[in-house]
1. Search segment 47-68 for residues that are under 29 Å from P93 (Cβ atoms) and of a type in the set (D, E) and pair each with any residue that is open to solvent by less than 10 Å² (accessible area, probe 1.4 Å) and part of a helix (DSSP H, G or I) when their beta-carbon atoms are under 6 Å apart and the residues are at least 6 apart or on different chains.
2. Looking only at residues in segment 98-124 that are more than 9 Å from the ligand (Cβ to nearest atom) and in contact (Cβ under 8 Å) with a residue 40 or more places away in the chain, which one is nearest to A55 (Cα to Cα)?
3. Condition test on Q141, is it open to solvent by 50 Å² or more (accessible area, probe 1.4 Å) and either free of Cβ contacts under 8 Å to residues at least 12 places away in the same chain or within 15 Å of the ligand (Cβ to nearest atom) (or both)?
4. Counting only residues that are open to solvent by less than 20 Å² (accessible area, probe 1.4 Å) and farther than 23 Å from I238 by Cα, how many does segment 1-18 have?
5. Which one is nearest to the ligand (Cβ to nearest atom), of the residues in segment 55-75 that are hydroxyl-bearing (S, T, Y) and at negative phi?
6. Go through (1) outside any helix (DSSP H, G or I); (2) closer than 20 Å to H110 by Cα; (3) over 13 Å from the mean Cα position of the chain (by Cα) one by one and return the number of the condition L68 breaks.
7. Look through segment 78-99, keep the residues that are in contact with a strand residue (DSSP E or B) (Cβ under 8 Å, 6 or more places away or on another chain) and of a type in the set (D, E, K, R), and return whichever of them is least open to solvent (accessible area, probe 1.4 Å).
Amino acid sequence: MTQRRDTLFDTPIAQVPDFTFNEDVARVFPDMIKRSVPGYPTIVENSGVLAAQFARPHSLIYDLGCSLGAVTQAMRRHVTQPGCRILAVDNSPAMVGRCREYLKAQDAMHQELLPAEVAEADILQLELEPCSVVALNFTLQFIPPGRRLELLGNIQRQLLPGGALLLSEKLRFDDPEEHQLLNDLHLAFKRANGYSELEIAQKRRAIEKVMLPDTLGEHRQRLQEAGFNRIHLWFQCINFVSMIALP
Ligand code: GEK
């Protein structure tokens, strides 16, 4: 599938609307997320490696807020336990349609991949079933803060012993100096990846009410409240992290 360059914010927009995962975003998403999220390719590929450590034979694996299914594809590359299947879920019709195409293309290129299905659904409404791995790769930050604990509780209750939640998020920091420094470094990352000041400013305006990051302390506390026993940070790149939470 052709990879289009993200130029969504490169001309002045009089009234920048709130960011949504629409067709325009879905079309450029692989380029957008790679140039915007430090460490994204490492997190995605290693989500597959980590999933392979926690997947139980004959169990369900979830990719919640799957977008185009990058994590699902990585998990299909790495998980070899018998009888596993993946359910990838997203509530954006544009993402779901394209995700199905990407997975079909992956099926055409490789034999004996884990079966993967894509469902268009709100993960807050989803009746989760017992599962061994759940990936929330940069999805929780788009869930209304008041609903995040409930979602994590639902996940924790369905995780089988030996399973894991893989949670990746952008962080905010309590210490204003640390927050400023890491945000400045993130802006430098975006500039180095070819985004202009205008693109950076307009994207920030679009996303500031839609994507609400937490501190690492808030994540740890909420995960504990949701019933997770152990929380391990396995990756950080600037202000983006990935954690493993064990039920
Ligand atoms: C990746 N995991 O490439 N229910 C279902 N999906 C939702 C909901 C919801 N309530 N809210 C948001 N989403 C992917 C990247 S992107 C992160 C995830 C980003 C979906 C939304 O439609 C979008 O596709 C995804 O969560 C967040 O590894 O763009 O920074």
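The values are calculated or read from the model by the stated rules, or taken from the named source; none is laboratory data. Because the structure is a prediction, the values reported are computed rather than measured. With ideal geometry, Cβ positions are generated from the backbone for all residues, glycine too; neighbour counts draw on all protein chains shown. For accessibility, only protein heavy atoms count, side chains too; no ligands or nucleic acids. Shrake-Rupley method; radii C 1.70, N 1.55, O 1.52, S 1.80 Å.
1. If the second residue must be open to solvent by less than 10 Å² (accessible area, probe 1.4 Å) and part of a helix (DSSP H, G or I), the pairs left are D63/V71; D63/T72.
2. L114
3. Working: open to solvent by 50 Å² or more (accessible area, probe 1.4 Å): no; either free of Cβ contacts under 8 Å to residues at least 12 places away in the same chain or within 15 Å of the ligand (Cβ to nearest atom) (or both): yes.
No: the conditions fail for Q141.
4. Going through segment 1-18 one residue at a time, the tally reaches 0.
5. Only one residue tops the list, namely T72.
6. The failed condition is (3).
7. Restricting to residues being in contact with a strand residue (DSSP E or B) (Cβ under 8 Å, 6 or more places away or on another chain) and of a type in the set (D, E, K, R), the top hit is D90.
Matching residues to (1) open to solvent by 40 Å² or more (accessible area, probe 1.4 Å); (2) of a type in the set (V, I, T); (3) under 19 Å from T139 (Cβ atoms):
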| position | (1), (2), (3) |
| --- | --- |
| F189 | yes, no, no |
| N193 | yes, no, no |
| E197 | yes, no, no |
| L216 | yes, no, yes |
| R220 | yes, no, yes |
| N229 | yes, no, no |
| Q236 | yes, no, yes |
| S242 | no, no, yes |
